[in-house]
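What follows is calculated from the coordinates using simple rules that are stated; it is not laboratory data. This one's a predicted model, so the numbers in the text were calculated from it and none came from an experiment. All Cβ positions, glycine included, derive from the backbone under ideal geometry; neighbour counts span all protein chains shown.
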Amino acid sequence: MTGNPTTVVMHEAFTIGEIDRRLFGSFVEHMGRTVYTGIYEPNHPSADSRGFRGDVLTLVKELGPTMVRYPGGNFVSAYNWEDGVGPASERPVRLDLAWRSTETNEVGLNEFAEWSKSAGVELMLAVNLGTRGVDAARNLVEYCNHPGGTYWSDLRRRHGVQAPHNVKVWCLGNEMDAPWQIGHKTPMEYGRIAVEAAKAMRRVDPTIELVACGSSNSRMPTFGAWEATVLEQTYDQVDYISLHNYYEDVDDRDLNSFLASSDSMDDFIDSVVATADFVKGKLHSPKTIQLSFDEWNIWHQTEFHRGDTEREAWRKAPDLAEDIYSAAEAVVLGTLLISLLNHSDRVRMACLAQLVNVIAPITTEPSGRAWRQSTFYPFADVAGRAGTRSLRLSVTSPQHDTDRYGRVSSVVAAATIDDTTGEIVLFAVNRSPTDPTQLDLSLSGTLAGYHVTDHRVLQNDDPYAVNTADDPYKVEPRQEPVTGVVTLSPLSWNVVTMQKN
Ligand code: AHR
């Protein structure tokens, strides 16, 4: 049985814009088991001579992130980057105050840059503006990006790295509005330190791109006012404002509302765009600030924080926030990707937080197996299949009611066109828990004559089905036969490819 149809209208003249490939970024923080027993485990049977797990590298390449943010997160706000360079045997073991862990510093900047090269990803670095400031930040840029002949660049060379890392994108601290942040600041305090750090960092390397901290999430009481004040202080020196948000179905109670989370992501992005443009107008500036959604995901955060009192012992690489994602959560993750694609004119960069073990699409056992979580698939689909430009769609679909967001469209969708191959890929989610809907595709102008060549679906009759080490393929996509009729099943993630006759 098929419910009411969904009409999707596309015309090549209606585009959102070129997609910056850095929209498909991810995040590696020194948190839990992301680094140690995640990407790095020298005694693992698949480890290479540098200690990187080969099984994880293979999965990361298949996932396809384009850029990876490092080393935090909350971790960076009390981190001394110098602890992580130079001979490994001389590096200090420190208390990591963000995650109540011991940090051995076996992996630091140069190791992570090596790993990034092997994974084929661009490195995005965050500087510590919590316990440190302008001096440490400008020294780090010199260490990373200056060719040689100065104290910090020669130190890098003595550490065995001759060519500069040429790191382009730098985050000016992390979530500095948050009371949980080491070195938490008011917007005025943060704006001042961020603008001065930015000036010094740019003097070392004028080609870098800088991200100012926005709010830690859209529920912060200072959200909006924080962005406006920070941008008023920093406008001329920064290129992006950051957004962070995690979505969850608290205690698995309201799947219907949770499935509509991307409506709130749309609103969040629109509010930050409006705030950035308000400051642009106020300052009479010709420059437009873009958005870096550099932490987004689904996170069972309520459950995580219930464990706060248990995290008493100092441990190395404790198992923190190792969420196991369901089939329904993969569908929600798909809707969040759709929201990002539909805002790709302003959201130029984004990072799925995080990459391995900690709220991640890839999970590992220490010394053992690695596998794909359900959420791996929509991310890999978009990173691997999105074309060069986002199309502006008109979608008319059935609607249904939710407790949290009221009446919502059952179908959300985004489409891209590849300017080299001409291929169009439509990413669509049917959020209705009960009703299938048939797609009525209306393509006109130069898009007339396209037809569906492929339809890939992720859907499971049990929305709570998960992948585990023993059953790693329980949730995975399947191919639908191409018949001329495209039906979107209830609670499904769909990738529909179209080519010209
Ligand atoms: O990604 C996990 C944590 O969430 C990050 O360290 C922090 O920036 C955010 O609050």
Helix-only mean residue ellipticity at 222 nm for the chain, each DSSP H run of n ≥ 4 adding -39500 (n - 2.57), per residue, nearest 500: -8000 deg cm²/dmol
Largest-first principal axis extents of the Cα set of the chain (Å): 68, 58, 44
Estimated vicinal HN-Hα couplings, Hz - the stretch 317-334 in sequence order (Karplus 6.51, -1.76, 1.60; Gly, Pro = x): 6, x, 7, 10, 6, 8, 5, 10, 9, 8, 4, 4, 5, 5, 5, 4, 4, x
Long-range Cα-Cα pairs in the stretch 328-428 (distance over 25 Å), rounded percent: 31
Size of electric dipole in the stretch 285-435: Cβ of Lys, Arg +1 and of Asp, Glu -1, about Cα centre, debye, nearest 20: 400
The stretch 378-385 - phi-based ³J(HN,Hα) in whole Hz, Karplus 6.51/-1.76/1.60, Gly and Pro as x: x, 5, 4, 4, 6, 4, x, 10
Restraint check, LYS168/LYS316; LYS199/LYS280; LYS117/LYS199; LYS117/LYS316; LYS185/LYS282; LYS185/LYS316, Cα-Cα greater than 22 Å: LYS168/LYS316; LYS117/LYS199; LYS117/LYS316; LYS185/LYS282; LYS185/LYS316
Backbone HN-Hα couplings from phi across the stretch 20-35 [Karplus 6.51/-1.76/1.60, Hz, Gly and Pro as x]: 7, 4, 6, 5, 9, x, 9, 8, 10, 10, 6, 9, x, 10, 5, 8
Quarter of Cα convex hull surface for the stretch 364-492, i.e. mean projection, nm²: 10.4
Rough spin-label spacing in nm, given labels placed 7 Å along Cα→Cβ, for THR434 and GLU312: 4.9
Three-way shape label, the stretch 21-77, alpha-carbon gyration tensor, a/c 1.5: oblate
Average projected area [Cα convex hull, the stretch 148-292], square nanometres: 11.5
Amide H contacts under 5 Å for TYR40, placed H, 5+ residues apart: ARG53
For the stretch 102-139 versus the stretch 214-246, the gap between their alpha-carbon centres in whole angstrom: 23
Residue (of GLY160, TRP226, ILE362) at the positive-pole extreme of the stretch 25-385, dipole from beta-carbon charges: GLY160
Cα centroid separation, the stretch 342-367 to the stretch 449-479 (Å): 19
The stretch 267-373 shape via C-alpha gyration tensor axes, a/c threshold 1.5: prolate
Ranking of ILE16, ILE362 by count of other Cβ atoms within 10 Å, fewest first: ILE16, ILE362
Mean Cβ count within 10 Å, highest first, over the residues of peptides 425-433, 25-33, 252-260: 25-33, 425-433, 252-260
Placed amide H near GLU122: partners under 5 Å, 5+ positions off or other chain: MET67, VAL68
Residue order, fewest to most surrounding Cβ atoms within 10 angstrom, among LEU336, LEU443, LEU355: LEU443, LEU336, LEU355
Amide H contacts of ILE19 (H built 1.01 Å from N, under 5 Å, at least 5 apart or other chain): ARG389, SER390
For the stretch 25-385, size of Cβ-based charge dipole, Lys and Arg +1, Asp and Glu -1, in debye: 1140
Sequence of HIS159, HIS165, HIS300 once ranked by neighbouring C-beta atoms within 10 Å, starting from the fewest: HIS159, HIS165, HIS300
